[in-house]
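Structure record follows, encoded as structure tokens.
The values are calculated or read from the model by the stated rules, or taken from the named source; none is laboratory data. Given the structure is predicted, the values throughout are model-derived calculations rather than measurements. Ideal geometry is used to build each Cβ from the backbone, glycine not excepted, and the neighbour counts take in all protein chains shown.
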Amino acid sequence: MVLIPDVTNPFFSGIVQSIELTAHKYGYDVLLFDLSGREDALQEVDAFIDSRKIDGVIFLASTNHVESLRRFAEKCTIVVACEYVDNVDIPSVSVDNIAAAIEAVNYLISLGHRDILFLNPKDRDRLRGYRIALEQSGIPVRPEFQIEAGSALSGGYIAIERAIAEKLDFSAVFCANDLVAIGAMKAAAKHGIRVPHDLSVVGFDGLQFGEYTLPSLTTVSQPIEEIGRRAMEIWVRIHRGEVVDYPVRVQHTLTIRESCAPRK
């Protein structure tokens, strides 16, 4: 069973496709379970595991469900994909989210930006990377510049509306995912704020959509196919009783396009 935080997010869809292709290669079928908007979702998963109707779980983006992770791991083979969880002994496959965020924010700093918003401070490791990059450059870390934005297009739009309403003085935005970044660009355009002339924007994930925005989106690209494939391969090996080294770190890439420019 693959647990998906939000089945409408194309980043997760790409990983699921890779997991399914790899699973079929090894003779497994994949059951998908969307966790979004369901308070009892994890209890349902527990029931599936207890009924022995599934062999194990691949959990996409799990940092908000640590206790459930521990509980599932006691009952079946489990692998975490996309994130890693501190102090939990569970195999995981992901980029180094902290290092990736540091690189993204350092890129903005290299362009002369110091007033940098971070959209979605609930993303723990990317927030940590954002703070580290600012601190290493001697830039104050301001709580008001860390704005909740969810993970959807509307979240980025609403976050920029809020920043403008609160009269925050910012010249760049680092977003926890590409959908939030695209929403932020839309809100900026509504207010006559030109990207990248007046505002630089960096996303995270490397969705294909970002190639077709105007301007095209600078982003931290994750190897989506590799994350899904390796998560499934590790799950199979552990399920067969093999010893596997983990956590597995895959390489991110800062993909520089058109949405950033030197601060004026």
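What the table below lists for this structure:
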| item | result |
| --- | --- |
| Residue ID - surrounded by the fewest Cβ atoms within 10 Å (Cβ to Cβ), chosen from residues in region 36-56 that are of a type outside the set (A, V, I, L, M, F, W, C) and closer than 20 Å to residue 237 by Cβ | 55 |
| Options 107, 84, 28: the member that is touching a Pro at 6+ places or on another chain (Cβ under 7 Å) and either surrounded by 14 or more Cβ atoms within 10 Å (Cβ to Cβ) or not in a strand (DSSP E or B) (or both) | 84 |
| Residue among 33, 59 that alone is within 16 Å of the chain's Cα centre (by Cα), surrounded by 15 or more Cβ atoms within 10 Å (Cβ to Cβ), assigned by TED's automatic domain parsing to the domain that holds residue 88 and part of a strand (DSSP E or B) | 59 |
| Selected residue (criterion: nearest to residue 1 (Cα to Cα)) from residues of region 222-251 that are of a type in the set (Asp, Glu) and free of Cβ contacts under 8 Å to residues at least 12 places away in the same chain | 242 |
| Check on residue 203, closer than 30 Å to residue 58 by Cβ, touching a residue at least 12 places away in the same chain (Cβ under 8 Å), small (Gly, Ala, Ser) and outside any strand (DSSP E or B) | no |
| Filtered residue count, region 36-48, keeping only those that are over 27 Å from residue 150 (Cα atoms) and either under 22 Å from the mean Cα position of the chain (by Cα) or assigned to a loop (DSSP other than H, G, I, E, B) (or both) | 0 |
| Out of 160, 132, sole residue that is surrounded by fewer than 19 Cβ atoms within 10 Å (Cβ to Cβ), at pLDDT 95 or above and β-branched (Val, Ile, Thr) | 132 |
